[in-house]
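Structure, as structure tokens:
FYI, it's all coordinate maths here, none of it is from the lab. All of these numbers come straight from a predicted model, not from anything done at the bench. Cβ: placed from backbone, ideal geometry, glycine included. Neighbour counts: every protein chain shown.
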Amino acid sequence: MGNRSYFMKKRSSLGKKERLEGYLFILPWITGFIVFTAGPILFSLFLSFHEWHIFDEMKWIGIGNYKKLFTDPLFYHSLKVTFEYAAINVPLVLIVGLLLALLLYPKVRGTSIFRTIFYIPSIVPIVATATLWIWIYNPEYGLLNFFLDKIGIKGPDWLYSTEWVVPAIAFMGVWTVGPTMIIYLAGLEDIPKVYWDAAKVDGANYWQRLWYITLPLLSPTTFFLFITNLMGALQTFAQAYIMGGGGEGFGAPANASLFYCLYLYEQGWSWFNMGYASSLSWILTLIILVLTIIIFKTSNKWVYYERS
Amino acid sequence: MKRKNILFNWSHLRTIILYTALISLSILFIMPFLWMVTTSLKSGEEEIFSYPPQLFPKHLNFENYKRVLELFPWLTFLKNSVIITFLSTVGIVLSSSLAAFAFATLRFKGRDKLFFLVISTMMIPYYTTLIPQYILFSKIGWIDTLKPLWVPAFFGSAYFIFLLRQFFKSIPRELFEAAKIDGCSTFQIFYKIYFPLAKPAIITVIILQFISAWGDFFGPLIYLQSEEKYTLVLGLNAFRGMYYTSWHYLMAATCMVTIPSLIVFLIGQKKIIGGITITGMKS
């Protein structure tokens, strides 16, 4: 009996030690969470109820910023620009990513070289990518319009055109499809091969197997990629800052490339309206939250989860 | 071992179609790089602004690179980029592996709830916390210093904590218990056993963090003001603003900023692809 209680005691003191050590190990993260995440989230909410030009006194104005925001034409405009971008960019990236993954899946000789080639553009610093593509999109001397000309299409003015600037930036995103492609490839490799074998025995051709087996089984991957790519698209900044108007930036031409986060940046760092910029950041957070919830809620309609 | 193919019927025609598609898409993906390199080697604006555009220069003019290096203090920018990238990578590896180790092996109250919190923070948009962070750093006088760009890394990153935890979880628990019985302290178990075993995952973290710190634009843009504090990426942006029609210089500068990322990627590409796969799928 004595022995047992000794062990119990020892065990519980070991447990206590492990518990303390556990907290000690995650202490840097907890500190960071409070200082760089939780604190700022609350402070940004607090700020959004103030008028505050960074060098002046902070002034409580209640929901004044939000009222102003809902009558601000540039707020609506920048939302429209951002959603237009997302509506073009996200489906394109998912489709091209899936296509490349399907081509790489058969593991023919040299697959790893092709995989590297498709992946490399996504590790280039975004400022370098954007600079390069301004040159590619150059209406007169750029590579793209030269090729379009060769096949008999008169290319538009791309980054100089109010109509084409957002699609042009969205198309560029296809070049950095790498991570999406890799995750699709991993999704494909997770599908048990017996499914395809069985369908083949039943006489299904490649397209039927793709449509009825591969795509449904990949839908959890598509779901994940859809959310992450959409979140990324709604937070697009560098491309907009740099490329609009062929390098003029700041929403050029004529605010046609005024992405939401660019507008937020202008409010915050060009005009130092920190209160108003905070309310803009809160609206973005809410939009992303609501969209994520909607996508999750509707996911049972189109995402197929295998029951194990 | 050659894998049996499922998606394609193994006929020659299909192999040919597959290769044709792969090769033509590869050419499309490489074309922008080619255009960047060849433009950077052209001699002067008459050759750049000629119609139809010539893909290849008449002769290779490496002088452009020399000229670009003279025009801007790139070495200072390089130094700043290296400092930020190095320190933030060290910080991320230390803090994230410590937390990941605790979440994967130690038992403490609220562990799973806290880990859920870690994962939740991955969903928070970058811009939500940005303004208060900026104000915080400006209050303590860190604006126009490199500190805001690497100090936060020492407090861990949700993404890498998640990635490393998945890896630590795959190490058999018996190893932990055995080391404990042999008298190792928990910290010894961490740095003598778990950390070395996690080398592949640590390398993944190093490379991914390198690429993200090296290419970061928004952080340097808001925190750095004087030119001697610029990173390479910010320097390229400033250079672009000044020489916006000298495409041979611009492309030479772009090339130089891109090359370090390319080298790091080519050294560790298997690790990167593995890492992305872990965070993407095994949730």
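Of B:ILE272, B:ILE30, B:ILE171, the residue with the greatest mean-square motion in the GNM of chain B, using alpha carbon springs below 10 Å, is B:ILE30.
Partner chain Cβ atoms within 10 Å, averaged over the residues of B:25-35 - can you pull that number for me?
6
Sorting A:LEU280, B:LEU34, B:LEU18 from the fewest to the most surrounding beta carbons within 10 angstrom yields B:LEU34, B:LEU18, A:LEU280.
Sorting B:SER26, A:SER278 from the fewest to the most surrounding beta carbons within 10 angstrom yields B:SER26, A:SER278.
So how strong a dipole does chain A carry about its Cα centre when Lys and Arg Cβ are +1 and Asp and Glu Cβ are -1, to the nearest 20 debye?
1740 debye
Under a Cβ-Cβ cut-off of 15 Å, what is the net charge of the residues other than B:LYS199 that fall near it, where Lys and Arg count +1 and Asp and Glu count -1?
Details: positive: B:LYS192, B:LYS270, B:LYS271; negative: none.
In short, +3.
Output the pairs from A:LYS67/A:LYS301; A:LYS80/A:LYS154; B:LYS58/B:LYS229; A:LYS68/A:LYS301 with a Cα-Cα distance over 32 Å in this structure; if there are none, say none. Beyond 32 Å between Cα atoms: A:LYS67/A:LYS301; B:LYS58/B:LYS229; A:LYS68/A:LYS301.
Which of rounded, prolate, oblate describes chain B, given a ≥ b ≥ c as roots of the alpha-carbon gyration tensor eigenvalues and a/c under 1.5 marking rounded, otherwise prolate only if a/b is larger than b/c? In terms of gyration-tensor shape, oblate. Straight-line cross-link partners of A:LYS16 among the lysines, defined as a Cα under 18 Å from its Cα and at least 8 positions apart when in the same chain: B:LYS109, B:LYS180.
With the Cα gyration tensor of the stretch B:12-62 giving a ≥ b ≥ c as the square roots of its eigenvalues, does the rule (a/c under 1.5 for rounded; else a/b larger than b/c for prolate; else oblate) give rounded, prolate or oblate?
prolate
Loop-resident trypsin sites (Lys or Arg not before Pro) (DSSP state other than H, G, I, E or B) in the stretch B:181-283 with no more than 15 further Cβ atoms inside 10 Å of their Cβ: B:LYS282. Dipole orientation for the stretch B:68-281: of the candidates B:PHE162, B:ALA178, B:SER81, B:ALA178 has the Cα lying most toward the positive pole (charges on Cβ; Lys, Arg +1; Asp, Glu -1). Of all lysines in the structure, those lying under 26 Å Cα to Cα from A:LYS200, and not within fewer than 8 positions of it along the same chain, are A:LYS107, B:LYS2, B:LYS4.
Of interest is the spacing of the C-alpha centroids, which for the stretch A:193-256 and the stretch A:31-106 amounts to 21 Å.
Here's the picture: a label point sits 7 Å out from the Cα of B:GLU46 along the beta-carbon direction, and within the stretch B:56-90 the residues with their amide nitrogen under 18 Å of it are B:56-64. An oblate overall shape is assigned to the stretch A:72-302, the ratio a/c of its alpha-carbon gyration tensor axes (a ≥ b ≥ c) being 1.5 or greater and a/b not exceeding b/c.
Of the peptides B:252-259, B:61-68, the ranking by mean beta-carbon count within 10 Å, highest at the top, reads B:252-259, B:61-68.
Counting other Cβ atoms within 10 Å as a rough exposure proxy, the listed residues A:HIS77, B:HIS12 run B:HIS12, A:HIS77 from fewest neighbours to most.
Peptide A:37-47 shows a mean partner chain C-beta count of 5 within 10 Å per residue C-beta.
Relative to the longest principal axis of the Cα atoms of chain B, helix B:126-139 runs at roughly 90 degrees.
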